[in-house]
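**Q** This is the structure I want to talk about, given as structure tokens.
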Amino acid sequence: MGENDFSTAAYNQSLSQGKLMGSRCRKCGAVYVPLKPICNKCYKSEMELVEMKGKGRLVAYTIIAVGTPMMIEEGFNREHPYCSGIVELEEGARVPARILGVDVRNPEKFMIGTPVAVEFLKRENKPTIVAFRVCS
Ligand SMILES: [Zn+2]
């Protein structure tokens with residue numbers, strides 16, 4: 001992965017190597033995961049690649065019973081719902097991801113602000129997926 005490669009391919013490659021990469025704006029310090037070549041806050045394109053520690057807190061989540069075709073293919077459905085959410089990393093980036101370790105039958109038992117840690121879900125012949133597991 002090149003120093004200035006903020007493409008989806010570069011991001012997916014780092015995931016397959018067990019690294020969660022973000023792009024950080026050299027001007028204002030904003031961090032983005034997945035990678036962005038241009039800062040959403042100050043519109044500069046002076047970004048640098050930084051590896052995330054993979055720790056954060058859950059800021060939003062939903063339990064999804066009727067998912068995307070990809071999730072249906074993986075066996076999720078009304079009987080087996082999954083949790084999708086937004087994690088705010090320690091570095092400040094907000095990452096949409098699958099959330100693991102949630103009791104999907106009693107989702108109210110866990111709360112916004114719960115600490116989570118990154119996990120990489122490897123799949124055969126497909127890009128690795130970013131997920132976060134609730135820390136117990
Ligand atoms: Zn910026």
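**Q** What ranking do 122-129, 4-11 get when scored by the average of other Cβ atoms within 10 Å per residue, highest first?
**A** 4-11, 122-129
**Q** What accessible area per residue, rounded to a whole number of Å², is obtained for the chain using a probe radius of 1.4 Å?
**A** 59
**Q** A further question follows. Could you give the dipole magnitude of segment 10-136 about its Cα centre, charging the beta-carbon of Lys and Arg +1 and that of Asp and Glu -1, in debye to the nearest 20?
**A** That gives segment 10-136 a dipole magnitude of about 340 debye.
**Q** While we're looking at this one, here's another question. Using all alpha carbons of segment 1-130, what is the percent of pairwise distances in each 5 Å bin, ordered from the shortest bin to the longest?
**A** In order of increasing distance, the bins hold 2, 11, 18, 19, 19, 15, 9, 5, 2, 0 percent.
**Q** Right, another one. Mean residue ellipticity at 222 nm from the helices of the chain, using -39,500 (n - 2.57) per DSSP H segment of n ≥ 4 over the full residue count, to the nearest 500 deg cm²/dmol?
**A** My calculation for the chain gives -2500 deg cm²/dmol from helical runs alone.
**Q** Calculate one ³J(HN,Hα) per residue across segment 52-66 by plugging θ = phi - 60° into the Karplus curve 6.51 cos²θ - 1.76 cosθ + 1.60, and present them in order as whole Hz with x for glycine and proline.
**A** Taking θ as phi minus 60°, the curve returns 7, 6, x, 10, x, 10, 6, 10, 7, 7, 9, 9, 10, 9, 10 Hz for segment 52-66.
**Q** Remind me, relative contact order of the chain in percent, using alpha carbon pairs under 8 angstrom and six or more residues apart?
**A** With pairs under 8 Å counted, the relative contact order is 21 percent.
**Q** Given points 7 Å out from each Cα along the Cα-Cβ axis, report the THR68 to THR8 separation in nanometres with one decimal.
**A** Going from the THR68 label point to the THR8 one covers 0.9 nm.
**Q** Dipole of the chain (Lys/Arg Cβ +1, Asp/Glu Cβ -1, origin at the Cα centre): which of VAL104, VAL31, TYR61 lies farthest to the positive side?
**A** Working it through, the farthest residue towards the positive pole turns out to be VAL31.
**Q** Same structure, new question: Take the solvent-accessible surface of the protein heavy atoms, probe 1.4 Å, and return the percent of it on the chain that carbon and sulfur atoms account for.
**A** That share works out to 51 percent.
The values are calculated or read from the model by the stated rules, or taken from the named source; none is laboratory data. The shown structure was predicted, so the numbers you read here are calculated from the model rather than taken from an experiment. In this analysis, Cβ positions are derived from the backbone assuming ideal geometry, glycine residues included, and neighbour counts consider all displayed protein chains. For the accessible areas, the whole protein counts, side chains as well, though only heavy atoms, and no ligand, DNA or RNA atoms are used. Shrake-Rupley method; radii C 1.70, N 1.55, O 1.52, S 1.80 Å.
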